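The values are calculated or read from the model by the stated rules, or taken from the named source; none is laboratory data. Small disclaimer: the values here were computed from a predicted structure and weren't measured. Methodologically, a virtual Cβ is constructed for each residue, glycine included, from the backbone with ideal geometry; neighbour enumeration extends over all protein chains shown. Side chains included, ligands, DNA and RNA excluded: accessible areas come from the protein's heavy atoms. Shrake-Rupley method; radii C 1.70, N 1.55, O 1.52, S 1.80 Å.
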Amino acid sequence: MPFRTLIFWTHLAIGIVIGALVLSMSVTGMLLAFEPQIVDWSERQARTVVAPGPDSRRAGLDAVLANARKELPDAPPTEIRLWSDPAASIVVKFGKEKGSLYANPYTGNIIGKDSRIHFFLQSVEDWHRWLASRKIWKPVIDAGNLIFLFMLVSGLYLWWPRRWTRRALKSVTLPNLKLTGKARDWNWHNAFGFWMAPFLIVIALTGTIVGYRWASDLVYVLSGNTPPPKAPEEAAGSGGKDMRKGPRAQESVADRTPDRAAASLDTMLAQAESKASAWHSIALRLPQKAGAPIIAYIQKPGFWRRSSRSQLTLNPITAAVVKWEPYSEYNLGRKLRSWVVPIHTGQAGGILGQAIVASAAFTAALLVWTGLAISWRRFFQTKPRTRVHAEADARIKV
């Protein structure tokens, strides 16, 4: 069997099998493309306040956290985030199920919470990533994404014209809106796939890196760096302990400090502010078990701030610096890995990048539809109805 024929039938068979899965990821991807802007708009009244004046004093973070705990006494807070913008509210997060509360940065009072749109898009993201069940469907989604990557690469191979003529290139690169039936499906499958395949390959590739640990480690290896050790939850096969770090990996920072009350969050914030001459946002990741460190994520101003964040680990008792990791000192592998998710969502390129991702997701759905339609007609409608359809049959015949 010729190699091209083998690739064609493999491409067709796999496309039929995973078509519904790709369609699900494509539709949810379109809905999520502009998620940050949609959520910001839906929560605009809670996310911004009127600043009293340039000399106004901000409320203490401990007071803000205390007010938030009163609103959700049964849920442990996971993070508190603030922005340098004087009109931005302080956000206290309580996990995905409970959502976030928004506080006035000057009074400390709670003024709002996550919107219904926020929770809806969160459920869409869960469906996009693991069909709403991480335990059951995540391996299926990850495998489907990897297979879709093969579909894209094999599709480009099959698209490659055997004869480089003007007519042949036109038929596979320019969408013809006047065609119908099989000719239309073939033309759209090739033309839209041709223009969006590079973007879809990047999206599928970054999705593979997010889904598989071996793919994430490969980013470090290819850049000449050592992959980071597994988190404790990833090392379930070793009793929940990270064997790369050894038996002391689970020891908390506070285990080595005197028995004292925890330092205030404002002290923690001051430590974080001292590490950056200018900052866009600071997030304090709150410990979920006694003695665990507090981690501050510092984002600097600028268009590329989403990925270029520094990390500061603090002792929860003394507020002493345990580890300072500025973004500028990250190795190449870690820097590249920090860009994977923003590239996958398009947010690395701002509105333009998000628009490209939305267009690519639409194209993926179109490829599923036209591909299944071509397959259906190939097996169940063998006689072409017109000369145009006959020419289409001749082009797609392998």
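LYS93 versus (1) in contact (Cβ under 8 Å) with a residue 60 or more places away in the chain; (2) in contact with an Asp or Glu (Cβ under 8 Å, 6 or more places away or on another chain): which is the lone unmet condition?
The number of the failed condition is (1).
Sort out which residues of the stretch 173-183 are without any contact (Cβ under 8 Å) to a residue 60 or more places away in the chain and either outside any loop (DSSP other than H, G, I, E, B) or in contact with a Lys or Arg (Cβ under 8 Å, 6 or more places away or on another chain) (or both), and write them in order of number.
THR173, ASN176
For the stretch 159-199, give me each residue that is among the aromatic types (Phe, Trp, Tyr) and open to solvent by 80 Å² or more (accessible area, probe 1.4 Å).
Residues satisfying the conditions are TRP160, TRP164, TRP195, PHE199.
In the stretch 200-231, what residues are of a type in the set (A, V, I, L, M, F, W, C) and surrounded by 14 or more Cβ atoms within 10 Å (Cβ to Cβ)?
LEU200, ILE201, VAL202, ILE203, ALA204, LEU205, ILE209, VAL210, ALA215, LEU218, VAL219
Out of (1) farther than 27 Å from ALA215 by Cβ; (2) open to solvent by less than 70 Å² (accessible area, probe 1.4 Å); (3) within 24 Å of the chain's Cα centre (by Cα); (4) charged (D, E, K, R), what's the single condition that is false for GLU97?
It fails just one condition, (2).
Kindly indicate whether ARG69 is in contact with a Pro (Cβ under 6 Å, 6 or more places away or on another chain) and either under 22 Å from GLN299 (Cα atoms) or part of a helix (DSSP H, G or I) (or both).
no
In the stretch 19-50, what count of residues is obtained for those that are open to solvent by less than 40 Å² (accessible area, probe 1.4 Å) and in a loop (DSSP other than H, G, I, E, B)?
Here the count works out to 3.
Name every residue in the stretch 51-83 that is open to solvent by 60 Å² or more (accessible area, probe 1.4 Å) and among the small types (Gly, Ala, Ser), in order of residue number.
None; the set is empty.
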